[in-house]
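**Student:** Got a structure for you, written out below as structure tokens; questions coming shortly.
Coordinate-derived values only; no laboratory data. Keep in mind that this is a model prediction, so the values were computed, not measured. Glycine gets a Cβ as well: all are built from the backbone with ideal geometry, and neighbour counts include every protein chain shown.
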Amino acid sequence: MCKDCGCGEDNGVVTKVFTVPGMMCNNCKEAVEGASLALPGVLSSEVNLDDKTVTISFDPTKSAVEVISTAIEKTGFEVTGVADSVQQHSHGLMGTLKRFFK
């Protein structure tokens with residue numbers, strides 16, 4: 001974890017990358033994001049159409065990989081894999097504020 005900005009600090013939130021090869025367009029993106037965001041405990045859902053993946057952050061006390069996969073599959077798409085997300089280092093606004101008030 002970066003001591004300047006706190007990136008990498010998960011506060012109990014789990015982020016997984018779901019591989020959904022059938023997604024082709026914005027309608028697919030909206031369907032998958034909408035289905036996952038409607039679940040309890042899902043905090044964010046971001047489809048990458050080029051990579052055919054969905055990066056989802058969720059509270060594991062309120063939802064689970066299996067529940068999210070099922071919700072995606074109910075939209076008509078197959079989930080072919082789930083992997084851990086790689087933390088992207090970013091200072092962003094919070095990092096800037098933390099460094100400013102240090």
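**Student:** What list of ³J(HN,Hα) couplings, whole Hz, do you get for region 58-75 from phi and the Karplus terms 6.51, -1.76, 1.60, once you set θ to phi - 60° and write x for glycine and proline?
**Tutor:** In residue order, the calculated couplings are 8, 8, x, 7, 10, 8, 8, 3, 4, 5, 5, 4, 4, 4, 5, 5, 5, 7 Hz.
**Student:** Order by neighbour count: 42, 13, fewest other Cβ atoms within 10 Å first, most last.
**Tutor:** Working: 42 20, 13 13.
With the fewest neighbours first, 42, 13 line up as 13, 42.
**Student:** Which is farthest toward the positive dipole end of region 14-86 among 15, 49, 61, measuring Cα position about the Cα centre, with Cβ charges +1 (Lys, Arg) and -1 (Asp, Glu)?
**Tutor:** Of the options given, the answer is 61.
**Student:** Compute the whole-percent fraction of alpha carbon pairs in region 14-86 spaced more than 20 Å apart.
**Tutor:** Details: 398 of 2628 pairs.
Percentage above 20 Å: 15.
**Student:** Once phi is turned into ³J(HN,Hα) by the Karplus curve 6.51 cos²θ - 1.76 cosθ + 1.60 with θ = phi - 60°, what whole-Hz value does each residue of region 26-32 show in order, with x for glycine and proline?
**Tutor:** Once rounded to whole Hz, the list reads 5, 5, 4, 4, 4, 5, 6.
**Student:** Each residue of region 36-44 in order: what ³J(HN,Hα) in whole Hz does its phi give by Karplus 6.51 cos²θ - 1.76 cosθ + 1.60, θ = phi - 60°, with x for Gly and Pro?
**Tutor:** Listing the rounded values in order: 6, 5, 6, 7, x, x, 7, 9, 7 Hz.
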